[in-house]
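Read the structure below first, then the notes.
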Amino acid sequence: MTADVQTLADAHARVLERIAAACGRVGRDPSEVTLVAVSKTVAAERVRAAVAAGITVLGENRVQEAETKVPAVEGAAWHLVGPLQSNKARRALEVFSMIQTVHRADLAVRLDMLCRETSGDERYPVLLQVNVDRDPAKAGFQPEALAAAAESLDTAQRLDFRGLMTVGRQFDDPSDARATFAALRARSDAVRAAWPRLGPDLSMGMSDDFEIAVEEGATIVRIGRAIFGDRPDA
Ligand SMILES: *Cc1c(COP(=O)(O)O)cnc(C)c1O
C-alpha cells in the first residue's frame, strides 16, 4: 500500500468504528448505515487511492466536477449530494447512480421524463431533500410541503424514492443538530404513513455530527473531511 492509501484506509476505518460505536449506543446494526465519502475538491488520483483503501461509495456536489472525475476513478458508485439544476439533470443521471438532492417536484418530473427515454422499467434511485432548518440559503422541500408534493411526485413512475435527505446547519456544538435529525426521521415516518412509495432511507450527518445522526436513525452519512482531511476552501 502506498502511504496515501494507508492514510485513507486508517481514516476510513476510524469513521467506521465511530459509526459502529454510535450504532451500539442505540441498539442498531452498523450494516444499516452506508458511508458516502464526499470527495468534492479532492483530485481524482487521491480518490483512486480512497477506492484502493476500500471506499465504495463516493459523493460529489457538482455535476461538472464529477463529469471529469468519475471516468478517472473506477470501482465506486457515485451519489450527487449537491444542488441540481434542471438543465444538468440529464448529465447527472449519466454520471451518478443516485441523486440525493431532489428538492422540487418539477425536478422529479424532469428526471422521470429523462428516465422514460430509456427502455426498460428500472427505477432510478433518488432522495428528496428537505430543508428541515428552514435555512434560506439551502434548497429543499419545506417539511410540511412534502405530503402535498407527494401527489405530483407520485406521477414520476421511473423514480425510486428511497427516502429523505437533509443538510443540517453547522453548530458550534454538534449535539445541537440532534433536533434536526430527529425532525427528519419524524417527517419520514409521517409522510410514509400517507405515501408508502417513499422508502425509509435517511441521509443525514456529516463529519462534525454523523454520530448523532446515526443515533437518530441515519441510514446514509455523507463524510468528507473526516476521511480526506480539510478542504482548501474550508
Ligand atoms: C461537503 C458535503 C458533505 C461533507 O461535509 P464534511 O463536513 O466534509 O463531512 C456532506 N454533504 C453535503 C451535501 C456536502 O456538500
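Some observations on this one:
- Between Thr68 and Ser86, the modelled labels are 2.9 nm apart [label points 7 Å from Cα along Cα→Cβ].
- Shape of segment 46-144, Cα gyration tensor, a/c cut at 1.5: oblate
- Helix runs (DSSP H) in the chain reaching 20 Å along axis by Cα, Kyte-Doolittle at least -1.0: 3-26, 178-194
- The residues neighbouring Lys69, those whose beta-carbon lies less than 11 Å from its own, together hold a net charge of 0 under the Lys/Arg +1, Asp/Glu -1 convention.
- Take segment 1-142 with all the other protein chains still there, run a 1.4 Å probe, and you get 49 Å² of accessible area per residue.
- As a rough guide to protection, the peptides 81-94, 17-30, 213-226, 121-134 ranked by mean Cβ packing within 10 Å, highest first, stand as 213-226, 121-134, 81-94, 17-30.
- Extension gain (nm, one decimal) between Val57 and Asp173, 0.36 nm per residue minus Cα-Cα: 39.0 nm
- Whole-Hz ³J(HN,Hα) from phi, Karplus 6.51 cos²θ - 1.76 cosθ + 1.60, for segment 73-80, glycine and proline x: 10, 9, x, 9, 9, 10, 10, 7
- Alpha-carbon centroids, segment 32-69 and segment 107-154: separation in whole Å: 23 Å
- Relative contact order (%) - criterion: Cα under 8 Å, at least six apart; region: segment 44-96: 40 percent
- Computed label-point distance, nm, for sites Ala21 and Arg134 using a 7 Å Cα→Cβ extension: 3.6 nm
- With K and R counted +1 and D and E -1, the other residues having a Cβ less than 12 Å from that of Thr7 yield a net charge of 0.
- Full extension of the chain between Thr41 and Ala190 gives 50.0 nm of extra length, using 0.36 nm per residue less the Cα-Cα distance.
The values are calculated or read from the model by the stated rules, or taken from the named source; none is laboratory data. Small disclaimer: the values here were computed from a predicted structure and weren't measured. Virtual Cβ from ideal backbone geometry, glycine too; neighbours counted across all protein chains shown. Ligands, DNA and RNA are excluded from the accessible area calculation, which covers all protein heavy atoms including side chains. Shrake-Rupley method; radii C 1.70, N 1.55, O 1.52, S 1.80 Å.
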